[in-house]
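The values are calculated or read from the model by the stated rules, or taken from the named source; none is laboratory data. What you see is a predicted model, and the numbers here were worked out from it, not measured in a lab. Glycine gets a Cβ as well: all are built from the backbone with ideal geometry, and neighbour counts include every protein chain shown. Areas reflect the complete protein model, heavy atoms only, side chains present, ligands, DNA and RNA absent. Shrake-Rupley method; radii C 1.70, N 1.55, O 1.52, S 1.80 Å.
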Amino acid sequence: MLQTAQRQSKTKKPKTALPHERFLEAFRWMLLTRTLEEKLVSLYRGGLITGGVYIGKGQEAVSVACGLFLKKGDIFAPLIRDQAGRSAFGERLLDVTRTYLGSRLGPMRGRDGNIHRGRPQENQLAMVSHLGAMISVTVGALMSKRFKGEKGFVGLACIGEGGMQAGAFHEGMNIAAVEQVPLVIVATNNHYAYSTPNDREFACDDLVDRAIGYGFEGYSLDGTDLGACLEVIGGAVKRARAGRPPQLVVASVLRLSGHGEHDDASYVTEEIKREPFARDCLKVAEQAIVDLKLVDAETLAEWRKEAAAKVDEAIATAQKEAPPEGDKEDWCALSTRDLVDDVGTIE
Amino acid sequence: MVGTAIGSAIEGMRPIVEMQFADFSSIALNQILNNAGTHYWRTNVPVPITVRLPSGGTKGSGPFHSQSMESIYAHYPGLIVMTPATVEDAYTMLIEAVAIDDPVVYCEHKYLYYHLKADKLPTEGLPTGRARIAREGRDLTIVSYSAMVHEALAVAEQLAPEGFEIEVVDLRSVKPLDTNTVLASVARTGRLLCVGESFPWGGVTAEVIARVTGEGFHLLDAAPQRINAKDTPIPYHPNLWSAHRPNAKEIVRKARALLRE
């Protein structure tokens, strides 16, 4: 495994927040995410959400670090367990609740649901379900920025260990390294691709070993340790931005939920639940805050209350809004309206 | 390749992807259909990519370098599918494909590379979505596109001394499909034969017939017919290949049968 060379940080004064401030900021996004997703789950159980609910419980520390170090103009390609990263990157809570609750005012306007949402015009790419496909899309966006002469940008694409086994992922990694785009790929190994355990997904010792084969720099990390997530993913973003080769970070966690809320995850073994990577990253982070006395218990309680209030407000707003309607929908898949085929529309 | 094009297009470029052979685009189906084709509908952000598909059969090219994929792409929402038959259209439509804000699948038949020439390039062409009457007639309409337009024209020429006047419609783009021009032609001739080089199940020829029978059944004096390639992979040997694809002999036979009705 490659080691992080931090020579630059000694000569340049970093403009970023102090480590513990960054840690607390990340923790608050994680808290907001957990609060939001628990609420979404209860709405789903109550039959108020159609389709699926996919949460990132246990992966918030990795995810938040993905969003936190990106700046305006950077490209973010999140996947289904990246609410924390999406929020830290700037996604509005209303985008989430409107999409899940089927408001016509959401970014997808009822045309696509749950975690497929995105705002490509704000550099939040909208994922497709076919995992691995968004890597090359991110590479293309970065190539375009380079063609246009932009400087200092970076792209970050998320993937899971299951998606890493897809052909599109391989092609995306390869073209990223060939083109030497400033890309960070954060792969979260949550130990199950839906119900398929690691030993049925891949046969190599360590997924990070693949980095060198593609021409990436690779790093591993304990995804339950927020401090490590911030350091390693933050470092990868910094290196990509500084012109180092593309970066692969492989984080180890356990998915603390089903694949979606329709899945009871009964296949997750008791042994794996006792592994160190099965810790709940939110609890680990909170314990660190308490142990290091970064803030007092009152403040923590206040943050919890604030998160709940924000979530409740976003849900209440979306619930009041009208759903899309079939007979009022603009059934047009092209932006060039005069080239719409007239199939079935001639009377 | 297509994924990077989609990303570049989202960021404001107008990339052109060249597939070398249309057959290879099956590898990129997911990116073309599910990513590019859905993007504007889902996000309101159009994806102006042009995917060039060198299409259709040539002698000795075999199962994996001969396919015509237009029907597959036309089936999916969110894509424009161009199928030029002439040098002039190949030129003006490619320029237009790049200018269009939506994904365009541009099917360029390899026959065009080898057999057609033009002395000068046109400054303007018909707009996309408008079919062209390649030859006027009053006894039978042959609707075709891409290289098969030239087979249809050869058949029209061959049957002319027998007193048959065959009208040939070149669709130019199969999506959008210019149903009005086809219907107007069938209104003149009362008979319809559709010729396409792709496989026979479903596809452009079936779509044209479905539209004409649905919207212009009263215009027809005989049951509309269609000719496609055979329902097998495309053979390598020239003797087999020329029997696999629609050829002038088969078109003449079906045209005569229709004209006799």
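Things to note:
- Within the stretch B:73-90, residues that are within 11 Å of another protein chain (Cβ to nearest Cβ) have Cβ atoms under 8 Å from residues that are hydroxyl-bearing (Ser, Thr, Tyr) and open to solvent by less than 20 Å² (accessible area, probe 1.4 Å) in these pairs: B:79/B:73; B:80/B:128; B:80/B:173; B:81/B:73; B:81/B:173; B:82/B:106; B:82/B:128; B:82/B:173, counting only partners at least 6 apart in sequence or on another chain.
- Restricting the stretch A:111-141 to residues that are part of a loop (DSSP other than H, G, I, E, B) and at the interface with chain B (Cβ under 7 Å from one of its Cβ atoms) leaves a set whose member that is farthest from residue B:31 (Cα to Cα) is A:111.
- Condition met for residue B:110 (over 30 Å from residue A:126 (Cα atoms), in contact with a strand residue (DSSP E or B) (Cβ under 7 Å, 6 or more places away or on another chain) and touching a residue at least 12 places away in the same chain (Cβ under 8 Å)): yes
- Condition met for residue A:300 (in a helix (DSSP H, G or I) and over 23 Å from the mean Cα position of the chain (by Cα)): yes
- Residue within the stretch A:144-159 that is under 21 Å from the mean Cα position of the chain (by Cα), open to solvent by less than 20 Å² (accessible area, probe 1.4 Å) and of a type in the set (Ser, Thr, Tyr) present: no
- Residue count for the stretch A:42-81, restricted to those that are part of a loop (DSSP other than H, G, I, E, B) and under 23 Å from residue A:254 (Cα atoms): 12
To keep it simple, each residue is scored yes or no on (1) open to solvent by 20 Å² or more (accessible area, probe 1.4 Å); (2) modelled with pLDDT under 95; (3) assigned to a helix (DSSP H, G or I).
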| residue | (1), (2), (3) |
| --- | --- |
| A:3 | yes, yes, no |
| A:15 | yes, yes, no |
| A:29 | yes, no, yes |
| A:40 | no, no, yes |
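- For the stretch A:312-333, the criterion of being within 14 Å of chain B (Cβ to nearest Cβ), under 25 Å from residue A:45 (Cα atoms) and open to solvent by less than 60 Å² (accessible area, probe 1.4 Å) is met by at least one residue.
- Complete set of residues in the stretch A:70-114 that are aliphatic (A, V, I, L, M) and open to solvent by less than 10 Å² (accessible area, probe 1.4 Å): A:75, A:77, A:84, A:96, A:108
- Verdict on residue B:131 being more than 28 Å from residue A:332 (Cα to Cα), surrounded by fewer than 24 Cβ atoms within 10 Å (Cβ to Cβ), touching a helix residue (DSSP H, G or I) at 6+ places or on another chain (Cβ under 8 Å) and modelled with pLDDT of 95 or more: no
- Candidates are the residues of the stretch B:1-56 that are among the aromatic types (Phe, Trp, Tyr) and more than 10 Å from chain A (Cβ to nearest Cβ); the one that is nearest to residue A:128 (Cα to Cα) is B:24.
- In the stretch B:195-208, the residues that are in a helix (DSSP H, G or I) and over 21 Å from residue B:248 (Cβ atoms): B:206, B:207
- Flag if residue A:144 is within 12 Å of chain B (Cβ to nearest Cβ) and within 15 Å of residue B:31 (Cβ to Cβ): no
- Sole exception among (1) open to solvent by 20 Å² or more (accessible area, probe 1.4 Å); (2) within 10 Å of chain B (Cβ to nearest Cβ); (3) out of contact with any Ser or Thr (no Cβ under 9 Å at 6 or more places or on another chain); (4) farther than 18 Å from residue A:71 by Cβ for residue A:170, by number: (2)
- Some residue of the stretch A:239-254 being of a type in the set (A, V, I, L, M) and assigned to a helix (DSSP H, G or I): yes
- Verdict on residue A:336 being in contact with a Leu (Cβ under 9 Å, 6 or more places away or on another chain) and of a type in the set (Ser, Thr, Tyr): no
- Applying the set (1) in a helix (DSSP H, G or I); (2) open to solvent by 70 Å² or more (accessible area, probe 1.4 Å) to residue B:120 leaves exactly one unmet item: (1).
- The stretch B:31-46 - residue that is without any contact (Cβ under 8 Å) to a residue 24 or more places away in the chain and surrounded by fewer than 20 Cβ atoms within 10 Å (Cβ to Cβ) and, of those, farthest from residue B:62 (Cα to Cα): B:44
- From the options A:288, A:251, A:228, A:240, residue that is buried (at least 23 other Cβ atoms within 10 Å of the Cβ), farther than 21 Å from residue A:193 by Cβ and of a type outside the set (Lys, Arg): A:240
- First in the stretch A:245-268 and over 16 Å from residue A:159 (Cα atoms), second anywhere and not in a loop (DSSP other than H, G, I, E, B), Cβ under 6 Å, 6 or more apart: A:245/A:217; A:261/A:41; A:261/A:44
- Some residue of the stretch B:93-107 being in contact with a Lys or Arg (Cβ under 6 Å, 6 or more places away or on another chain) and either assigned to a helix (DSSP H, G or I) or within 14 Å of chain A (Cβ to nearest Cβ) (or both): yes
- Test set (1) within 30 Å of residue B:37 (Cβ to Cβ); (2) crowded, with 16+ Cβ neighbours inside 10 Å - residue B:95 fails condition number: (2)
- Residue ID - surrounded by the fewest Cβ atoms within 10 Å (Cβ to Cβ), chosen from residues in the stretch B:151-185 that are of a type in the set (D, E, K, R) and more than 14 Å from chain A (Cβ to nearest Cβ): B:162
- Here the stretch B:244-261 is the region considered, the condition is being of a type outside the set (Lys, Arg) and surrounded by fewer than 14 Cβ atoms within 10 Å (Cβ to Cβ), and the residue that is modelled with the highest pLDDT is B:257.
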